[in-house]
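Enquirer: Handing you this structure, nothing more for now.
Quick note: the coordinates plus some simple rules give every number you see, no bench work behind them. As the structure is a prediction and not an experimental result, all values here were calculated from the model. Cβ sites come from the backbone with ideal geometry, for glycine too, and all protein chains shown count toward neighbours.
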Amino acid sequence: MAETTYREALRLALTESMRSDPSIIILGEEVGKYGGAYGVTKGMLEEFGDARIRDTPISEEVIVGAAVGAAMTGLRPVAELMYIDFVTLAMDQLVNQAAKIRYMFGGQIGVPMVLRSQGGTGRSGAAQHSQSLEAWMMHTPGLHLAMPSTVTDAYHLLKHSLTLNDPVVFLEHKGLYTLKGTLEPDKALPWGKAEVRRQGGDCTLVSYSRMIHLCMDAAETLSKEGISVEVIDLRTLHPLDMQTVSESVSRTGRAMVVTEDCLTAGVSAELSARIMEEAFDFLEEPVVRLSGEDIPIPVSPQLEQGSVPGVERIMSTVKMLLRR
Amino acid sequence: MIDHPEKQQALRFFRQLVRVRTFEERVSELFVQGGTAGSMLHLSIGEEAGAVGVMGAMREGDGFTTHHRGHGIFLARGADPKRMMAEIAGKSSGYCRGKGGSMHIADMGLGHLGANAIVGGGISHVVGAGLTYQMKHNGNAAIAFFGDGAMQQGILYESMNLSALWKLPVMFVCINNEYGMGTRLDRASATLEFERRAETFGLRAAEVDGTDVFEVYNRSRNMLEDVRKGQPAFLKVNSYRFHGHARMDKSPYRDQDEEREGRKKDAIAFLRQHIVEEGWYQESECDELVEEVKQEMDEALKYAQQSSNPSPEEIYDDVFDPETDNPVSVDFRIRQALHYSQG
Ligand SMILES: Cc1ncc(C[n+]2csc(CCOP(=O)(O)OP(=O)(O)O)c2C)c(N)n1
Ligand SMILES: [Mg+2]
């Protein structure tokens, strides 16, 4: 089968969904003529026209806020924020409005919208274009949160997001757009199901998004040294599939969480607490968190690399955990 | 004898204005009795004409959002005062089954896309609703109601720009009651000609006297015709907040003379006088109408008092679609960690 990029898989998911569901529209900065800051929507304006692919002014709050109102009245908007860093300007609409409307209104109505954005390091974007802010979303009841790591997941998770009746934050990684892989159109896992990317018996690495690839590289190298690492890709942070994680930890007895977001009160804190709650009896060692450092992201490529986990760090931390 | 149409309308408006005020008075009573869910009750006494006049010009199918002081707007839209009062009391028979309360009341059936407790928070939703209506060509309009305080929020200007840029059937209605909590408008805004701001963004804009419900109605109706054709509009309704910001507030920051003058801007008193002068109703007939409304609102109050509270396990409902799993309770997690049986 031909190789597809992560970017193309996303575009395919959007395109196919828009063909079958006329209520889907896309709105955001540069999504139309320009084709998206990272090229995801390139060419879609030609197929769907400017009523459905809508370039907006640089007004993040109304991009998300209008999506909320459109979603409440019968459209299924995909609001694109160029960088997840800019969600700060739309946080009221996401957190106080989109996430809470179903609940506040006693279940009368949902907000079926997808907020697409991308985050993470890798392009020297510096402090305001490189953050991993998923913990904020995960900390907000009422939001689904998908963070695909592979071409196939990018496709399926986005297609699935466009069928849900509640808001989905769909976070891509800027370092993955050119990732190539075989798109498996029939391999749709259930929403909220984690995937064991690699089996192993010595310890469990729990991760998602770009860090999965680093974990896989580390696991491959470690296997040559006789260390057998299991790698779990959460795929979605809400819903969170702890069953797959606990099952793995019950076999390996050792768990390490690898995330790109910063350490304190980050996703790794939640994951570590959950593993402790659900698999305490099996743990031979405390859960280890290898996360981004508690610093803003610096611009220098050397410094940037040091601010988030890398393959070497993953390997050395696994060895520490295994006391090797 | 066929009634003069203006008479019919005047009497309809009069009843609506009185309904709004009486409803708010009953909310206030409910609070004193300790029957409201919370004390964040923002009464719209003094602002009735904005609600009744604009609503009078709206059509079935139109959508709207309101600010936190939105009881009157929703009531004028045709809301059932019983279910409104029940929601304000946090009861399960309320519009949002006791989950929203005074500041988050909503009803999709009447096009109420929600009251909002974030100043400016509901404004952009009508931009999205307007987009839906435009794409569905259904002729509906989406109207955002908000206070003068929201005139200083950035989202309003993002929303005005996008509405004008996309020619959306959207109307922005500022219920100017001169105050944002305790801060008088002239201490919050460097300029007070809000119509000019709207015009700058390409909106049609006007300011009306909120003591004259007919003026509010006529101007709104006129504007809404163009709004439906894709010319968004802005209307500022000038009124005065008769009472405190919320139920507990006695407005110590306001000048007595100012309050006395402000309370003269009373749309109900003006319309009543007009009705009597025209000979449409005698004073006694006006009194009868007021009595009828009082009864209606007394019943609403009783209904709320007698309604039952939501059951405790409902807290986990409605976070997500009912097809999805409800959130797991904190107790569940604790028991899971300690291997207690799930209670
Ligand atoms: C974003 C935000 N900031 C502050 C508040 C606190 N607050 C509640 S009502 C209010 C005054 C609002 O004034 P205005 O918009 O004129 O409405 P009014 O109360 O006069 O009807 C303030 C500051 C809030 N609810 N939301
Ligand atoms: Mg005000």
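Enquirer: Expressed in nm to one decimal, what extension gain is obtained for the pair residue B:15 and residue B:39 from 0.36 nm per residue of sequence separation less their Cα-Cα distance? Walk me through the numbers on the way to the answer.
Expert: On the way: separation 24, 0.36 × 24 = 8.64 nm, distance 2.76 nm.
Difference between extended and current length: 5.9 nm.
Enquirer: Additional query: With +1 on each Lys and Arg Cβ and -1 on each Asp and Glu Cβ, how big is the dipole of chain A about its Cα centre, in debye rounded to the nearest 20? Numbers along the way, then the final one.
Expert: Details: 30 positive and 42 negative charges, 60 e Å.
My answer is approximately 280 debye.
Enquirer: Any idea how far apart residue B:341 and residue B:6 come out in nm if each label point goes 7 Å out from Cα toward Cβ?
Expert: 7.8 nm
Enquirer: What is the pair-distance distribution P(r) of the range A:56-136, computed from all Cα-Cα distances in 5 Å bins starting at 0, with each bin given as a whole percent?
Expert: Values per bin, smallest distances first: 3, 16, 25, 22, 17, 10, 5, 2, 1.
Enquirer: Here's a follow-up. In whole Hz, with x marking every Gly and Pro, tabulate ³J(HN,Hα) for the range B:58-68 from phi via Karplus 6.51 cos²θ - 1.76 cosθ + 1.60, θ = phi - 60°.
Expert: 7, 10, 4, x, 5, x, 7, 10, 10, 7, 5
Enquirer: Based on alpha-carbon centroids, what's the gap between the range A:117-161 and the range A:1-66 in Å, whole number please?
Expert: When both Cα centres are located, 17 Å separates them.
Enquirer: Placing one identical point scatterer on every Cα of chain B and ignoring solvent, what is log10 I(q)/I(0) from the Debye formula at q = 0.09, 0.11 Å⁻¹?
Expert: With one equal scatterer per Cα and no solvent, log10 I(q)/I(0) is -0.51, -0.74.
Enquirer: Once a ≥ b ≥ c are taken as the square roots of the eigenvalues of the Cα gyration tensor of the range A:195-324, is the result rounded (a/c under 1.5), prolate (a/b larger than b/c) or oblate (a/b not larger than b/c)?
Expert: It is oblate, given that a/c is not under 1.5 and a/b is not larger than b/c.
Enquirer: Here's a follow-up. Specify the angular offset, from 0 to 90 degrees and rounded to the nearest 10, of the alpha carbon long axis of helix B:48-57 from the longest principal axis of the alpha carbons in chain B.
Expert: 90 degrees
Enquirer: Now, a different point. Give the Rg (one decimal place) followed by the Dmax (whole number) of the protein assembly as shown, computed from C-alpha coordinates and expressed in Å.
Expert: Using the Cα atoms of the protein assembly as shown, the pair Rg, Dmax is 28.1, 101 Å.
Enquirer: Once both axes come from the Cα atoms, what is the angle between helix A:267-279 and the longest principal axis of chain A, in degrees from 0 to 90, rounded to 10?
Expert: 60 degrees
Enquirer: To the nearest 20 debye, what is the magnitude of the charge dipole of the protein assembly as shown about its Cα centre, counting +1 on the Cβ of each Lys and Arg and -1 on the Cβ of each Asp and Glu?
Expert: Values: 69 positive and 93 negative charges, 176 e Å.
The calculated dipole for the protein assembly as shown is roughly 840 debye.
Enquirer: Can you tell me the order of A:70-80, B:183-193, A:54-64 when each peptide is scored by its average per-residue count of other Cβ atoms within 10 angstrom, highest first?
Expert: Values: A:70-80: 25.8, B:183-193: 12.9, A:54-64: 22.1.
Result, highest mean first: A:70-80, A:54-64, B:183-193.
Enquirer: Can you compute the helix-only [θ] at 222 nm over chain B? Use -39500 (n - 2.57) per DSSP H run of at least 4 residues, normalise by all residues, nearest 500 deg cm²/dmol.
Expert: -14000 deg cm²/dmol
Enquirer: On to the next question. At 222 nm, what helix-only mean residue ellipticity would chain A give, in deg cm²/dmol to the nearest 500, using -39500 (n - 2.57) for each DSSP H run of four or more?
Expert: Details: 11 runs with 109 residues, N = 324.
Counting only the DSSP helices, I get -10000 deg cm²/dmol.
Enquirer: Roughly how many debye, to the nearest 20, is the charge dipole of chain B about its Cα centre, given +1 on each Lys and Arg Cβ, -1 on each Asp and Glu Cβ, and no other charges?
Expert: With only Lys, Arg, Asp and Glu charged at Cβ, the dipole is about 760 debye.
Enquirer: Here's a follow-up. Going toward the positive end of the dipole of chain A, with +1 on Lys and Arg Cβ and -1 on Asp and Glu Cβ, which of A:188, A:126, A:137 do you reach last?
Expert: Value computed over the given set: A:188.
Enquirer: Then there is this: Under 1.5 on a/c is rounded, so check that first for chain A, then, if it is not, pick prolate when a/b is larger than b/c and oblate when it is not; a ≥ b ≥ c are the square roots of the alpha carbon gyration tensor eigenvalues. Walk me through the numbers on the way to the answer.
Expert: Numbers: a/c = 1.75, a/b = 1.62, b/c = 1.08.
Here chain A falls in the prolate category.
Enquirer: Further, regarding this structure: Within 10 Å of each Cβ in peptide B:93-102, how many partner chain Cβ atoms are there on average? Round it to a whole number, please.
Expert: 3
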